[in-house]
Amino acid sequence: MRFLLDPEQRDFARSLDALLTAAGTPAVIRDWSRGEHGRGRALWSRLAEAGVFALAIPEEYEGLGLRPVELAVAFVELGRHAVPGPLVETVAAASLLAGTGHAKRFLPGLAAGESTATLAREGSLALDGDAATHRFSLSPDGLRLAPGHGPVRGSLDPARRLTPLLPGGELLGPAAPHALALARLTTAAQALGVGLALLDRTVTYVGRRTQFGVPVGSFQAVRHRLADAKIALEFARPLVLGAALTMAPADVAAAKVTACEAAYTTARTALHLHGAIGYTDEYDLSLWLTKARALRTAWGTPGECRDDVLGAARPGGLPSGPTQGT
């Protein structure tokens, strides 16, 4: 099936691309990975002004109403520019809070970009617990406001700073299953954007690099690798948009595993064609390589997502619980 964005959605994507290009996100990412959040918070505010977080928040709390398709469009661009921070966790937490009696307490600030949120299962690691304004945990009895966080731990992606959340805290409401679907959808869209950026950068690189007096990109083996990556990403795109339309758990799980595997495959191709330079910290490509690998297991490993797709076809099939990636 072919999905076409309407003119307003295409304009939204272009405006975010222009905003993030002007922001110089590689420098923001490197600051964030060192725990220096100033430029990252400034960028977060600009994203909020563009309406990104309002897309997950009801109108009565200063939002635009839940718009999964527009959220997917936004998160593709956020992934394309490798924007750091608890982006997925903020929109997932917002969707949970909308169904509680505490919505007015938290949601206007999240919509305006004045606050950020992280979200994780109780006992697992939360993304950017040190930087988030609000820390929420999903416990067996519902959504809780965590009383604090533990020390920052390392990650596959230096810009994904993981922290344990302290147990207990104020009980805010039930842990509705739709939050997992929204977290997986936005993770899938983010991974798709990461994969597209890796492909664009690699095509440019092999067009400039020469061997035997000709561009590397003219070699048939190189073209085949790039074509395979392109096909995988283009196959993932309609699954992401289709899942945004239905928000059915199985559709979202299928989109998540397909987009994340396509991004991971593209990352491997990019590294192979760049050579050792691709892994060096000084070379910007590494910022996308590590993120593709980390997103692959965030909010559901490939195995968990496949189980959910297969489980939906069985009577009484239940979705797996969310996991936070490394």
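Which residue pairs have Cβ atoms closer than 8 Å, lie 6 or more positions apart in sequence or on different chains, and pair a first residue in the range 120-132 that is under 11 Å from Ala298 (Cβ atoms) and not assigned by TED's automatic domain parsing to the domain that holds Gly40 with a second residue that is modelled with pLDDT of 95 or more and open to solvent by 30 Å² or more (accessible area, probe 1.4 Å)? Partner pairs satisfying both residue conditions: none exist. Answer with yes or no whether Ala27 is open to solvent by 50 Å² or more (accessible area, probe 1.4 Å), part of a helix (DSSP H, G or I) and modelled with pLDDT of 95 or more. Judged against the criteria, Ala27 is not a match. With respect to being surrounded by fewer than 24 Cβ atoms within 10 Å (Cβ to Cβ) and in a helix (DSSP H, G or I), Glu70 fits the description.
If the condition is being open to solvent by 10 Å² or more (accessible area, probe 1.4 Å) and either within 11 Å of Ala117 (Cβ to Cβ) or part of a loop (DSSP other than H, G, I, E, B) (or both), then the range 52-62 contributes Pro58, Glu62. One residue alone among Glu89, Glu60 is in contact with a strand residue (DSSP E or B) (Cβ under 6 Å, 6 or more places away or on another chain) and either over 15 Å from Asp17 (Cα atoms) or among the basic types (Lys, Arg) (or both), and that residue is Glu89. A single member of Ala176, Ala117 is out of contact with any Asp or Glu (no Cβ under 7 Å at 6 or more places or on another chain) and of a type in the set (A, V, I, L, M, F, W, C), and it is Ala176. Within the range 138-179, the residues that satisfy the criterion of being closer than 30 Å to Ala232 by Cα, at pLDDT 90 or above and among the aliphatic types (A, V, I, L, M) are Ala159, Leu162. Can you find a residue in the range 80-92 that is touching a Gly at 6+ places or on another chain (Cβ under 7 Å) and among the aliphatic types (A, V, I, L, M)? Scanning the range 80-92, I find no residue that is touching a Gly at 6+ places or on another chain (Cβ under 7 Å) and among the aliphatic types (A, V, I, L, M), so the answer is no. Residue count for the range 209-224 under the criterion of being within 14 Å of Thr269 (Cβ to Cβ) and not in a helix (DSSP H, G or I): the result is 1.
I'm checking my understanding of the structure. Among residues of the range 106-126 that are in a loop (DSSP other than H, G, I, E, B) and charged (D, E, K, R), which one is surrounded by the most Cβ atoms within 10 Å (Cβ to Cβ)? Among those that are in a loop (DSSP other than H, G, I, E, B) and charged (D, E, K, R), it is Glu122.
For the range 245-266, the set of residues classified as part of a helix (DSSP H, G or I) and either at pLDDT below 95 or open to solvent by 10 Å² or more (accessible area, probe 1.4 Å) (or both) consists of Leu245, Thr246, Pro249, Ala250, Asp251, Ala254, Val257, Thr258, Glu261, Tyr264, Thr265, listed by residue number. If you go through the range 193-238 and keep only what is at pLDDT 95 or above, small (Gly, Ala, Ser) and open to solvent by 40 Å² or more (accessible area, probe 1.4 Å), you end up with just Ala227. Beta carbons closer than 7 Å, at least 6 apart along the sequence or on distinct chains, pair a first residue in the range 298-325 that is surrounded by fewer than 16 Cβ atoms within 10 Å (Cβ to Cβ) with a second that is at pLDDT below 90 and small (Gly, Ala, Ser) for Gly317/Gly311; Leu318/Gly311. Looking across the range 83-105, the residues that are within 16 Å of Glu170 (Cβ to Cβ) and open to solvent by less than 10 Å² (accessible area, probe 1.4 Å) come down to Ala93, Leu96, Leu97, Ala103.
The values are calculated or read from the model by the stated rules, or taken from the named source; none is laboratory data. Being a predicted model, the structure only gives us computed values, none of them experimental. In this analysis, Cβ positions are derived from the backbone assuming ideal geometry, glycine residues included, and neighbour counts consider all displayed protein chains. Just the protein is used for accessible areas: all its heavy atoms, side chains included, with ligands, DNA and RNA removed. Shrake-Rupley method; radii C 1.70, N 1.55, O 1.52, S 1.80 Å.
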